[in-house]
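Chemist: Structure incoming, see below.
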Amino acid sequence: MSHMKRRGFIVLIGGAAAWPLAARAQQPRAMPVIGFLHPGSFDAYRLRAFRQGLKDAGFVEGENVAIEYRWADNQADRLPELAAELVGRKVAVLVVTGAPTTLVAKAATRTIPVVFMVADDPVRMGVVASLARPGGNLTGFNVLAVELNAKRLELLHDLVPGATRLAVLVNPADAASADAILRDVEVAARAMAMQIRVLNATTLHEIDAAFAGLVHERPDALFVGTGPFLTDRRVQLAQLTARHGIPAIYMDRQFPEVGGLLSYGASLADGYRHIGTYAGRILKGAKPGDLPVMQSTKFELVINLNTARALGLTVPATLLTIADEVID
């Protein structure tokens, strides 16, 4: 076979191989695509719960639905371009987490259904007309993380009754949540005669710097704010609080699971499951404006006894009795 002919043969095979793919792409029964936009970094825990919710609605990734993932890796300025990318792909549903991401999605599309999970009040945020009748192209789940701040501080005080100096760690990039947390905690702390020191962190280096600053101040306790960024940094936070010997309370059970002291809040897994189910219902034809925004009904108190012992704390029986889970 001459050199020329062999080249022709290879080209022909390449051309033939492309045919079935092209034909398959033109079939009308293409799989619907969900766009999944998250401000944090890849996390199997979130996806497991989300996929479970989708499955409850009859959809399995790779079988009858495709999912396009976009993670902003805690760089909030990347959210608009990532949202635009998914909108440009004409996804069937856009699933988003956190207030900043939800506002970006609302600005990016008026037609594509958006399913959100936020800790803030979505009516106050201006993304839905009401919880019962969202009205537009957005609906979702309100984790009620922010409303529980005073309760969280109470539980921390029960565990560390002598605490008078409180450090509060928030992520200022998530301004709505940070402001609400500080507002609530200031009021609650005043009632308990505690003084507050606010720590801001939007990067892992800023978390390290905040803790380095605490060496001189020695707070009696730490209140860790809510949001995807701080949840992503849970191992770092659990290690730093252990190293500095500071009792801390968090919003989600993922923290005590990696060595944090205690958490109180709505189950995030519950939230991801719900938005998965809503995404599935919309794929089946439900309109987001008709699906009421759901709110957490399930709150969990999780205590890590090993960590309490390491900090020299005795967990009062009253807390052990009401705890949903005690890690020992």
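Every number in this text was worked out from the coordinates using simple rules, so none of it is lab data. Here the structure is a predicted model, which means the values were calculated and not measured. Note that each Cβ is placed from the backbone with ideal geometry, even for glycine, and that neighbours are counted across all protein chains shown.
Chemist: Using 10 Å bins from zero, what percent of all Cα-Cα pairs in the range 57-109 falls into each bin?
Modeler: 22, 52, 24, 2
Chemist: Also, quick follow-up: Out of all DSSP beta bridges in the chain, what portion is antiparallel? Express it as a percent rounded to 5.
Modeler: Numbers: 5 of 44 bridges.
About 10 percent, rounded to the nearest 5.
Chemist: Can you give me the convex hull volume of the Cα atoms of the range 56-215, divided per residue and expressed in Å³? Before the final figure, lay out the partial values.
Modeler: On the way: hull volume 24.8 nm³, N = 160.
So the per-residue Cα hull volume is 155 Å³.
Chemist: Using a Gaussian network model of the chain with C-alpha springs under 10 Å, which one of 256, 32, 247 is most mobile by mean-square fluctuation?
Modeler: 32
Chemist: Using the Cα atoms as the points, what is the convex hull volume per residue of the range 149-255 in Å³?
Modeler: Convex hull of Cα atoms, per residue: 86 Å³.
Chemist: Taking θ as phi - 60°, what are the ³J(HN,Hα) couplings along the range 227-237 by the Karplus curve (6.51, -1.76, 1.60), each to the nearest whole Hz, with x for Gly and Pro?
Modeler: x, x, 5, 5, 5, 4, 8, 4, 5, 4, 5
Chemist: With a 10 Å cut-off between alpha carbons and a GNM built on the chain, which of 186, 217, 63 moves the most?
Modeler: Judging by the Gaussian network model, the answer is 63.
Chemist: Long-range amide H contacts for residue 253: which residues qualify at under 5 Å (H placed 1.01 Å from N, peptide plane, sequence gap of 5 or more or a different chain)?
Modeler: Placed amide hydrogens put 268 under 5 Å from residue 253.
Chemist: In whole Hz, with x marking every Gly and Pro, tabulate ³J(HN,Hα) for the range 56-69 from phi via Karplus 6.51 cos²θ - 1.76 cosθ + 1.60, θ = phi - 60°.
Modeler: Residue by residue, the range 56-69 yields 4, 8, x, 10, 10, 4, x, 9, 9, 8, 10, 10, 9, 9 Hz.
Chemist: Quote the relative contact order of the chain in percent (integer), defining contacts as alpha-carbon pairs under 8 Å separated by 6+ residues.
Modeler: Numbers: 629 pairs, mean separation 66.3, N = 328.
Once normalised by length, the contact order is 20 percent.
Chemist: Pulled fully out, how much extra length does the chain show between residue 326 and residue 300, if you take 0.36 nm times their separation in residues and subtract their Cα-Cα distance? The partial results should precede the final answer.
Modeler: Working: separation 26, 0.36 × 26 = 9.36 nm, distance 1.09 nm.
In short, 8.3 nm is gained.
Chemist: Using just the helices of the chain, give the 222 nm mean residue ellipticity in deg cm²/dmol: DSSP H runs with n ≥ 4 each add -39,500 (n - 2.57), and the total is spread over all residues, rounded to 500.
Modeler: When only DSSP H runs of four or more count, the value is -13500 deg cm²/dmol.
Chemist: Still on this structure, I have one more. How long is the gain from residue 77 to residue 33 if the chain were fully straight, where each residue apart is worth 0.36 nm and the alpha carbon distance is subtracted?
Modeler: Stretched fully, the residue 77-residue 33 segment lengthens by 13.4 nm.
Chemist: Something else: Would you kindly calculate the translational diffusion coefficient of the chain, applying Stokes-Einstein with the Kirkwood radius from alpha carbon pairs, for 25 °C and a viscosity of 0.890 mPa s, and quote it in µm² s⁻¹ without decimals?
Modeler: Details: Rh = 21.5 Å.
Stokes-Einstein gives a translational diffusion coefficient of 114 µm²/s.
Chemist: What Kirkwood radius, in Å to one decimal, follows from the Cα pairs of the range 173-328? Each step should come with its number before you reach the end.
Modeler: On the way: mean 1/r = 0.0576 Å⁻¹.
Over the range 173-328, the inverse of the mean reciprocal pair distance is 17.4 Å.
Chemist: For the range 200-205, just list the computed ³J(HN,Hα) in residue order, Karplus coefficients 6.51, -1.76 and 1.60, θ = phi - 60°, integers in Hz, with x standing in for Gly and Pro.
Modeler: 9, 8, 10, 9, 5, 5
Chemist: Let's test the formula: R0 of 41 Å, r as the Cβ-Cβ distance of residue 52 and residue 205. What FRET efficiency results, to the nearest 0.05? Mind dumping the intermediate values first?
Modeler: Details: r = 35 Å, r/R0 = 0.85.
Efficiency, rounded to the nearest 0.05: 0.75.
Chemist: Skipping prolines and chain starts, which residues have an amide H placed within reach, meaning under 5 Å, of the one on residue 198, given they are 5 or more residues away or on another chain?
Modeler: Residues meeting the amide H criterion: 168.
Chemist: Then there's this: At 7 Å along the Cα-to-beta-carbon direction for both residue 90 and residue 68, put a label point, then send me their distance in nm to one decimal.
Modeler: So the label points at residue 90 and residue 68 sit 1.1 nm apart.
Chemist: Report the extension gain between residue 212 and residue 290 in nm, rounded to one decimal, defined as 0.36 nm multiplied by the number of residues separating them, less their alpha carbon distance.
Modeler: Working: separation 78, 0.36 × 78 = 28.08 nm, distance 4.94 nm.
Length difference between fully extended and current span is 23.1 nm.
Chemist: Under 10 Å, Cα contacts only: if you run a Gaussian network model on the chain, which one of 126, 271, 136 comes out with the highest mean-square fluctuation?
Modeler: Highest fluctuation of the listed residues: 126.
Chemist: Cα-Cα pairs above 19 Å in the range 103-174: how many percent? If you can, show how the numbers build up before the last one.
Modeler: Values: 1262 of 2556 pairs.
Here the tail beyond 19 Å accounts for 49 percent of pairs.
Chemist: Within a Cβ distance under 15 Å of residue 75, other residues only, what is the Lys/Arg minus Asp/Glu net charge?
Modeler: Summing Lys and Arg as +1 and Asp and Glu as -1 gives -4.
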